[in-house]
1. State yes or no: is residue 182 under 29 Å from residue 301 (Cα atoms), surrounded by 14 or more Cβ atoms within 10 Å (Cβ to Cβ) and touching a strand residue (DSSP E or B) at 6+ places or on another chain (Cβ under 7 Å)?
2. Give the residues of region 276-297 that are under 16 Å from the mean Cα position of the chain (by Cα) and within 16 Å of the ligand (Cβ to nearest atom), sorted by residue number.
3. Mind listing just one residue for me: the one in region 238-261 that is under 13 Å from residue 284 (Cα atoms) and surrounded by fewer than 24 Cβ atoms within 10 Å (Cβ to Cβ) and, of those, farthest from the ligand (Cβ to nearest atom)?
4. Filter region 266-275 down to residues that are assigned to a helix (DSSP H, G or I) and within 16 Å of the ligand (Cβ to nearest atom) and give me whichever is surrounded by the fewest Cβ atoms within 10 Å (Cβ to Cβ).
5. Which members of region 197-226 meet the condition of being within 27 Å of residue 102 (Cα to Cα) and either more than 16 Å from the ligand (Cβ to nearest atom) or part of a loop (DSSP other than H, G, I, E, B) (or both)?
6. One residue is enough: does region 103-110 have a residue meeting the conditions closer than 26 Å to residue 355 by Cα and either outside any helix (DSSP H, G or I) or touching a strand residue (DSSP E or B) at 6+ places or on another chain (Cβ under 8 Å) (or both)?
7. Give 134, 140 a once-over and let me know the one that is under 23 Å from residue 240 (Cβ atoms) and within 16 Å of the chain's Cα centre (by Cα).
Ligand SMILES: [Zn+2]
């Protein structure tokens, strides 16, 4: 519960919306003295057509199930099942787990086929193609290269294979993005430092930032301060999983010890009103993953998720997949859940989409250009769907 002497996040003071003062796809008509934007029904087709980001997406949790089976057969890797249905059960695909640790056991299975350059290239390439096919324009793929050394692959090969997969997908579809390298909470902090060095070496060569992932409970972020210090000293972007399987203290550590520029999840931020205001005041983006939070029991069901409260309070929130395979999701699906279960309107969702682009680990000028393009496109897509609706209404 929030401390009663602290500013209570449960009674937000009216704040300017995230969209205020910044370009958004649906201009705020009231602000500009224009007639209101045409009302358009929110459908999965419309959400699919809108330009999107996926800023929190794990490579080893997002490969295609058919690819998992094929790579295992090719490499002589034994999986718990040799058919998609059995394998889906073994990796808890879309099922509610006991907790985050239980959820993470699925990664031992996916990682077993991601120990070759071919496997890594294919996973990255197909992931970017899948994201592009639902109109994700900017994708940050995260993974921890040290988990791919089981068969002796060198770290440079582990990075290069994934970058090549993303480069080819970009040539084919135009999808932009890059890699976030993850340190692991439940591993030796020296390993995180090694991964931070790798992130620095690949800065401006496809690596967009650094993260800390893994089991949160009992593995404090501050133990990995040295890795983050190296990252910050080299002006590399960083994010940190926090407030998913532990309370707001974990988020405070991610921000104040490790200097995180974004927070992965932040689900339990609502428990500390003071910290919530700090995150809001500093426009620190939250990488929210609704279905994954339900699956790891970070929340008791989608209706209990704080995303809409955060949004209404003015926080910069983004919507992401976390793990497309293990959580059985897409960004379109996550946005649809936000609409159906949390009451996000089309204008709200467009603001969230724009927040995704604003929060990308991109140089400012590049980001400004992308935002301009995306805003134009959001307006065009909404107008197109409005036209279709009007024609349907006239011919009904
Ligand atoms: Zn994650």
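1. yes
2. Passing the criteria: 285, 286, 287, 288, 289, 290, 291, 292, 293, 294, 295, 296.
3. It comes out as 256.
4. Restricting to residues being assigned to a helix (DSSP H, G or I) and within 16 Å of the ligand (Cβ to nearest atom), the top hit is 268.
5. 214, 215, 216, 217, 218, 219, 220, 222, 223, 225
6. Among the residues of region 103-110, not one is closer than 26 Å to residue 355 by Cα and either outside any helix (DSSP H, G or I) or touching a strand residue (DSSP E or B) at 6+ places or on another chain (Cβ under 8 Å) (or both), which makes the answer no.
7. Result: 140 is the single residue among 134, 140 that is under 23 Å from residue 240 (Cβ atoms) and within 16 Å of the chain's Cα centre (by Cα).
To keep it simple, each residue is scored yes or no on (1) under 20 Å from residue 205 (Cα atoms); (2) surrounded by fewer than 24 Cβ atoms within 10 Å (Cβ to Cβ).
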site	(1), (2)
109	no, yes
135	no, yes
139	yes, no
150	no, yes
155	yes, yes
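Bear in mind these aren't lab numbers, they're just calculated from the coordinates by the rules spelled out. What you see is a predicted model; the values in this text were computed from it and never measured. So basically every Cβ, Gly included, is an ideal-geometry build from the backbone, and we count neighbours across all protein chains shown.
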